[in-house]
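Worksheet: one structure, shown below.
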Amino acid sequence: MKNIIVIGSGIGGLIAGNLLAKKGHKVTIFEAHSMPGGYTAGFYRKGYYFESGTLSFEASASVFKAMQDIGVLESIDFVKQRIRFVSEDFDGIPDNYEDYKKMIYSAFPSDKEKLDLVFSDLDKISDFMGSMDQPMPYLYSGLKMYISMLPYILSAPKQMKLAKEFGNMTSSEFAARYFAKDSKLFMLFSEFGYPDMSALFGNGIAGMLSDLWTVKGGMQSWADILAENFRKLGGELKLNSYVDKIITKNGAAVGVSCKNTVYGADYIISAGDYKKTLLKLLDDKSHVPQTLRDNIGRAAVSESFFTVYLGLNMSNAELSKYMKVYHVFTFDHKLGYDIYNSGDGDFFSKTSPSLYSPSMVNSKHAPEGKSSLMLQTVVPYHWMNNWGGGDKEVYRQLKEKASDAMIDSASKLIPGLKESIEYKDAATPLTYERYTHNTDGASTAWSWNPKKKFYKNPMSVNIHTPVKNLYIGSCWAMQIGGVPGALAAAYQCAKKIK
């Protein structure tokens, strides 16, 4: 039996903790906040429930296998999402990739030849992604792992060809092959997903339409179920316990410091931010070569969000009349929209927010007869001097200005929205960083832009650090991050520690 400390109770930390506790190890998870979940969590305000980070996930085959391995699959009510796409040219709820294509063809009949070309390439990407719709090999051990790799091995020639053509191409470069840069179709195909993400992943609309899921009880319920199971397995979850230092001895991690108390360990899994693990928490930075420290320091992270939380004096039935489904993507960027212009004070009047209603997923997420709504958009890095340069009053004013602009935009879809608001709050990238400890409020760890990779192979799982017995057990272990990255890292850590 090994003594293991896990820093952070996000999805990666909770899964690693469960897997290791199930193997009989002594596992303690340290969580800085009052509840588990990290970026996969939620909160209540005045009877309204909101997601505080992740709204959905893909790679369901891997997620479901992990939950089955841990023994909690039957306790979690996973719900498949349907998405509505809205612009001045189209408005639809496609059930699959083919429906999506029909919607776009109908909206832009004069561009049929160009659409034939773009969809010809997207079909290849879609077919490849669909062929990989199995649990990740990282989730298996021994012979089963090699068997699970067969589809990947058999598709290797196709994979290499697609990766060579699209892997290092940004979504903007992809869209520019077919459409003029000032056209609506260029905007549509270049800005789907994260800004300038790899064309290989950013055009995965087929996967989104066939494999996008959420949790009926809310993401917080998922984290709570995993935390409860972890405790039943003998694990200890220390809430309100911020780890301020990782202690090393002779080049190996031997413990952590929390609230002026040192806790020893045989292994430490940092289920959080890679940058802060090695550049902030580590007691002796000399364990990390200077070149690597420099690379870590300048490595780009994924964009963060600005989110408006609204409690509405409007029934779910009435809200449903306008939204139709609980997740809506709008495509209505105004002239001058530029995700890279951090000094554009009018950015939020130009962006196009997505809408998500937790109470339409589960009516219990709002008081009876009322509803909850979230408005969200990706934001420029360090917008307006990083939201006011530390001036609290300027910060408050910027939040209010951004919130009002987002509400104005959403009101076009939901008549009477402003008059129905009885609770309002907002989260900036600074909020996300404060609660998740992710650098700059990063939403899925490293940047999705293939020109800004930290890891050479975007599909590799990198749990090892220069410090012996210190592993990365979060989405930061993979370039593409997210729930799949956290899962893969957790399993690799559990396999590494015998």
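Below is a table of values for the structure above.
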| read-out | value |
| --- | --- |
| Spatial extent of the range 172-272: Rg and Dmax, with the Cα atoms as the point set, Å | 22.7, 60 |
| Cα gyration tensor, the range 26-78 - rounded (a/c under 1.5), prolate or oblate | oblate |
| Shape call, the range 260-311: gyration tensor on alpha carbons, a/c limit 1.5 | oblate |
| Within the range 363-442, GluC sites (Glu not before Pro) in DSSP loop having at most 13 other beta-carbon neighbours inside 10 Å | Glu368 |
| DSSP-loop GluC sites (Glu not before Pro) across the range 40-132, with at most 11 other Cβ within 10 angstrom | Glu88 |
| Entries in Lys184/Lys275; Lys46/Lys238; Lys101/Lys324 that, when Cα-Cα distance is taken, lie over 32 Å | Lys184/Lys275 |
| Degrees separating the helix 60-70 axis from the principal Cα axis of the chain, which is the longest one | 30 |
| Centroid-to-centroid separation of the range 327-362 and the range 247-264 [C-alpha atoms, Å] | 44 |
| Accessible area expressed per residue, the chain, with surrounding protein chains retained (probe 1.4 Å, Å²) | 42 |
| Folded to 0 to 90 degrees: helix 11-22 orientation relative to the chain principal axis, Cα | 40 |
| Rg to Rh, two decimals, where the chain supplies the alpha carbon set and Rh follows Kirkwood | 0.95 |
| The chain - percent of accessible surface contributed by carbon and sulfur, probe 1.4 Å | 53 |
| Cα-Cα pairs of the range 324-465 separated by more than 25 Å (percent) | 39 |
| Angle in degrees between helix 219-232 and the longest Cα principal axis of the chain, rounded to the nearest 10 | 20 |
| Extension gain from Arg177 to Tyr340, taking 0.36 nm per residue of separation minus the Cα-Cα distance | 56.5 nm |
| Gyration tensor verdict on the range 244-369 (Cα atoms; rounded if a/c is under 1.5, prolate if a/b is larger than b/c, oblate otherwise) | oblate |
| Cleavage-rule hits, trypsin sites (Lys or Arg not before Pro), the range 396-463, DSSP coil, Cβ neighbours within 10 Å at most 13 | Lys412, Lys456 |
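The values are calculated or read from the model by the stated rules, or taken from the named source; none is laboratory data. Small disclaimer: the values here were computed from a predicted structure and weren't measured. Here the Cβ is made from the backbone with ideal geometry for all residues, glycine too, and neighbour counts use every protein chain on show. When the accessible area is computed, the model is the full protein with side chains, heavy atoms only, and any ligands, DNA or RNA have been set aside. Shrake-Rupley method; radii C 1.70, N 1.55, O 1.52, S 1.80 Å.
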